[in-house]
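Read through the structure below, which is laid out as structure tokens, and then see the notes.
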Amino acid sequence: RAKEAGRNQVQFYEAAMHARIAERASIEAELRHALARNELSLVYQPKLDLRSGAVTGVEALLRWQHPTLGAVSPARFIGVAEETGMIVAIGRWVLRMACTQAVAWQQAGLPPLRVAVNLSARQFRDQALLEEVRAALHDSGLAAQYLELELTESLMMHNVDEAVAAIENLKQLGIALSIDDFGTGYSSLAYLKQFPVDYLKIDQSFTRDMLDEPRVAAIVRSVIALGHSLGFKVIAEGVETASQLDYLRGNDCDEIQGYYFSRPLTPDAFADLLRSS
Ligand code: C2E
Ligand code: MG
Ligand code: MG
Ligand code: MG
């Protein structure tokens, strides 16, 4: 019986593995057409200044609505896009769309806000990135100060000298930069001071656990202090409750982002939120 149970388990794992491989293959095949078929869109999540209570900007987040697969989350397709290189074309579209949207909001009479775009490792290493950012700003008419790029630590630590040079070039365009998911990658504190970024984004896993685990709270307070002493502003991701917000405000965090204030919104819903606040 034990033998049979073992065999059943092996079959179970093999079936699960085959299902995963098949899912990945279908995501890859379908993603190839997603852009051309207009299945991709962006939603925008506001960032809130904890002192003034003002919305300081939004983060553009990619959404994929497939006719039969339904809504496919970034967790399921960004990795595939990255591995296959499709992220370069998709990322270029995201950048242009986000800049165009920011200008459209301004033209609709909203106060000028910064729009943040996530960059993947592949895009960051792409030699054409600098020119693409310049072109996206130029073609949309968005002033550079209203664009922010979010980079992850791992992406920058891959080749530190190259990363510092790339970041300096991007900074010279006049855009803002932030380090996303801070604390989850393997960044060396020794290098941190070399990156001329504007924001550290505390990863949502820290925000989630900080009120239950004193050690996580200690990390959050330390990251805020570290960020400030290096001249960065600090923003906490994944804020879902009033008590999390209060804790962050009490510990001098600059900004928050999370479901407590707002979920990611369509462009129209975001405009409505700003007009009503
Ligand atoms: P991220 O850049 O760290 O984005 C934050 C994620 O947290 C988003 O998930 C957002 O919807 C979610 N979130 C925001 N507030 C809360 C909250 O209060 N609680 C919880 N539990 N989650 C919250 P999303 O949209 O599923 O995106 C996941 C990741 O996919 C992003 O993480 C980013 O790494 C990647 N991604 C999304 N859009 C793009 C894109 O256009 N390009 C690239 N390269 N990556 C993207
Ligand atoms: Mg991000
Ligand atoms: Mg993040
Ligand atoms: Mg994240």
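Read the figures in this text as sums done on the coordinates, not as results from a lab. On a predicted model such as this, the values are computed, not experimentally measured, just so you know. Cβ sites come from the backbone with ideal geometry, for glycine too, and all protein chains shown count toward neighbours.
Only helices enter the 222 nm calculation for the chain: every DSSP H run of n ≥ 4 contributes -39,500 (n - 2.57), and dividing by all residues gives -16500 deg cm²/dmol, rounded to 500. Karplus-derived 3J(HN,Hα) values for region 85-96, using 6.51 cos²θ - 1.76 cosθ + 1.60 with θ = phi - 60°, are x, 5, 4, 5, 5, 5, x, 5, 5, 4, 4, 5 Hz; glycine and proline are entered as x.
Counting only residues at least eight positions apart within a chain, or on another chain, the lysines with an alpha carbon under 24 Å from that of Lys47 are Lys171, Lys201, Lys233.
Near Val216, once Lys and Arg are set to +1 and Asp and Glu to -1 for all other residues with Cβ below 9 Å from its Cβ, the sum equals -1.
Count Lys and Arg as plus one, Asp and Glu as minus one, and take only other residues whose Cβ is under 14 Å from that of Ala128; the net charge is then +2.
Using DSSP to define loop residues, name the trypsin sites (Lys or Arg not before Pro) in region 185-277 whose beta-carbon has at most 15 other beta-carbon atoms within 10 Å. Filter output for region 185-277: Lys193. With an 8 Å Cα cut-off and a minimum separation of 6 or more residues, compute the relative contact order for region 1-155 in percent. Answer for region 1-155 is 19 percent.
Charge tally around Gly231: other residues with Cβ under 14 Å, Lys/Arg +1 each, Asp/Glu -1 each, net +1. In this structure, the amide hydrogen of Thr152, modeled 1.01 Å from its nitrogen in the peptide plane, lies closer than 5 angstrom to those of Asp180, counting only residues at least 5 positions away or on a different chain. Here region 1-115 is treated with +1 on each Lys and Arg Cβ and -1 on each Asp and Glu Cβ, and its dipole about the Cα centre works out to around 120 debye. Distances between placed amide hydrogens fall under 5 Å for Ala116 paired with Val58, Glu59, Ala60, Glu148, all partners being 5 or more residues away or on another chain. Scanning residues 5 or more positions from Leu265 or on other chains, those with amide H under 5 Å from its amide H are Tyr44, Gln45, with H placed 1.01 Å from N in the peptide plane.
Under the criterion of Cα pairs below 8 Å and six or more residues apart, the relative contact order for the chain equals 17 percent. For region 165-175, backbone phi angles converted through the Karplus equation (6.51, -1.76, 1.60; θ = phi - 60°) give residue-by-residue couplings of 4, 5, 5, 5, 4, 5, 4, 5, 5, x, 8 Hz, Gly and Pro being listed as x. Using θ = phi - 60° in the Karplus curve 6.51 cos²θ - 1.76 cosθ + 1.60, the 3J(HN,Hα) couplings for region 155-161 round to 4, 7, 7, 4, 8, 4, 5 Hz; x is entered for Gly and Pro.
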